[in-house]
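The values are calculated or read from the model by the stated rules, or taken from the named source; none is laboratory data. Here the structure is a predicted model, which is why all the values come from computation and not from measurement. Here Cβ is always computed from backbone atoms with ideal geometry, including for glycine, and neighbour counts include all displayed protein chains. Surface accessibility is based on the protein's heavy atoms, side chains included, excluding ligands, DNA and RNA. Shrake-Rupley method; radii C 1.70, N 1.55, O 1.52, S 1.80 Å.
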Number of protein chains: 2
Amino acid sequence: MADRFGPDLLRGSLDLMVLSVLAKGPTYGYQLQQSLRDASREQVQAQAGTLYPLLHRLEADGLIQSRWEESTGRKRKWYELTAAGDRRLSSQAAEWDLYVDCIRSLLDPVRGRMPKPAV
Amino acid sequence: MADRFGPDLLRGSLDLMVLSVLAKGPTYGYQLQQSLRDASREQVQAQAGTLYPLLHRLEADGLIQSRWEESTGRKRKWYELTAAGDRRLSSQAAEWDLYVDCIRSLLDPVRGRMPKPAV
DNA sequence: ACGCTATACATAGAAAGGCGATACAGCAAG
DNA sequence: CTTGCTGTATCGCCTTTCTATGTATAGCGT
């Protein structure tokens with residue numbers, strides 16, 4: 001079993017994951033990275049070189065907004081969802097569900113060939 | 001709702017889809033394209049410029065093997081899974097399940113925020 | 001016979017995003 | 001003071017999908 005998901009799997013759903021985490025409340029880059037790592041039991045280890053450009057892109061698209069905060073001890077850049085980001089999250093989640101269904105319908109007959117461990 | 005999945009969603013799972021179709025029996029490029037389109041209710045429309053290089057890559061990796069066949073009327077290049085391809089399919093499917101689970105655990109709390117249409 | 005469409009395989013170049021490497025700075029512990 | 005974690009950031013590389021294009025044949029209507 002891979003101890004980590006590859007770049008290609010992440011692609012296309014990493015936005016969705018980040019928006020999901022942001023939906024639970026404001027956070028900053030480093031904490032977001034830890035959240036993803038923890039929530040996935042170490043399987044999603046998005047790199048800083050991935051995360052920061054992604055956050056900048058989401059912000060440029062108006063899906064999140066940021067502000068620098070120093071009162072919390074260290075200088076951090078906090079991000080939070082905008083209304084547009086919230087709508088995007090909903091539509092991305094819906095599209096994701098459709099997509100997963102689509103793959104499952106292709107995969108289910110294949111699974112029949114092998115001993116299926118009960119989940 | 002998008003009438004077609006974007007490149008980023010496909011990425012990383014298109015291999016899996018192709019291997020899944022191949023698992024049901026030998027096929028050739030054009031037919032594979034139709035199979036994907038049909039099985040996904042028009043949502044996966046992988047282009048020829050995507051599919052053929054992908055097939056060449058899978059063959060170079062020893063996951064599938066090909067032979068030209070003319071007796072079936074038109075000249076076609078038939079592909080079939082190798083033993084290695086079969087093993088790869090199993091592991092990719094397992095990884096996919098893990099991945100989907102991982103996203104779901106991030107998405108479920110978010111879904112609570114909005115009226116969820118029963119599927 | 002001719003043109004049109006669908007079938008069938010293939011390659012080239014562009015676009016996009018994740019990755020590793022690297023950088024820099026603050027702070028804490030030894 | 002040196003090591004290590006925290007925290008943000010950028011750069012070039014790599015991979016994969018896309019569009020556009022090229023080639024060729026079969027079948028059909030006119």
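Residue-wise test of (1) in contact (Cβ under 8 Å) with a residue 12 or more places away in the chain; (2) of a type outside the set (A, V, I, L, M, F, W, C); (3) more than 24 Å from residue B:12 (Cβ to Cβ); (4) away from DNA strand C (no atom under 13 Å from the Cβ).
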residue: A:21; (1), (2), (3), (4): yes, no, no, yes
residue: A:25; (1), (2), (3), (4): yes, yes, yes, yes
residue: A:38; (1), (2), (3), (4): no, yes, no, yes
residue: A:53; (1), (2), (3), (4): no, yes, no, no
residue: A:57; (1), (2), (3), (4): no, yes, no, no
residue: A:73; (1), (2), (3), (4): no, yes, yes, no
residue: A:80; (1), (2), (3), (4): yes, yes, yes, yes
residue: A:110; (1), (2), (3), (4): no, no, no, yes
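Return yes or no: is residue B:49 farther than 29 Å from residue B:6 by Cα and near DNA strand C (Cβ under 8 Å from one of its atoms)? For residue B:49, the condition - farther than 29 Å from residue B:6 by Cα and near DNA strand C (Cβ under 8 Å from one of its atoms) - is not met.
Filtered by the rule that a residue be β-branched (Val, Ile, Thr) and within 13 Å of residue B:81 (Cα to Cα), the stretch B:45-66 gives a lone residue, B:64.
This table checks each residue for (1) small (Gly, Ala, Ser); (2) out of contact with any helix residue (DSSP H, G or I) (no Cβ under 7 Å at 6 or more places or on another chain); (3) closer than 16 Å to residue B:96 by Cα.
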| site | (1), (2), (3) |
| --- | --- |
| A:43 | no, no, yes |
| A:59 | no, yes, no |
| A:65 | no, no, no |
| A:72 | no, yes, no |
| A:77 | no, no, no |
| A:88 | no, no, no |
| A:102 | no, yes, yes |
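State whether the residues of the stretch A:16-32 include one that is in a helix (DSSP H, G or I), open to solvent by 80 Å² or more (accessible area, probe 1.4 Å) and within 14 Å of another protein chain (Cβ to nearest Cβ). Within the stretch A:16-32, not a single residue is in a helix (DSSP H, G or I), open to solvent by 80 Å² or more (accessible area, probe 1.4 Å) and within 14 Å of another protein chain (Cβ to nearest Cβ).
Of the residues making up the stretch B:1-21, those that are of a type in the set (A, V, I, L, M, F, W, C) and under 9 Å from the mean Cα position of the chain (by Cα) are B:10, B:14, B:16, B:17, B:18, B:19, B:21.
Could you say whether any residue in the stretch B:51-59 is away from DNA strand D (no atom under 16 Å from the Cβ), open to solvent by less than 30 Å² (accessible area, probe 1.4 Å) and within 14 Å of chain A (Cβ to nearest Cβ)? There is no residue in the stretch B:51-59 that is away from DNA strand D (no atom under 16 Å from the Cβ), open to solvent by less than 30 Å² (accessible area, probe 1.4 Å) and within 14 Å of chain A (Cβ to nearest Cβ).
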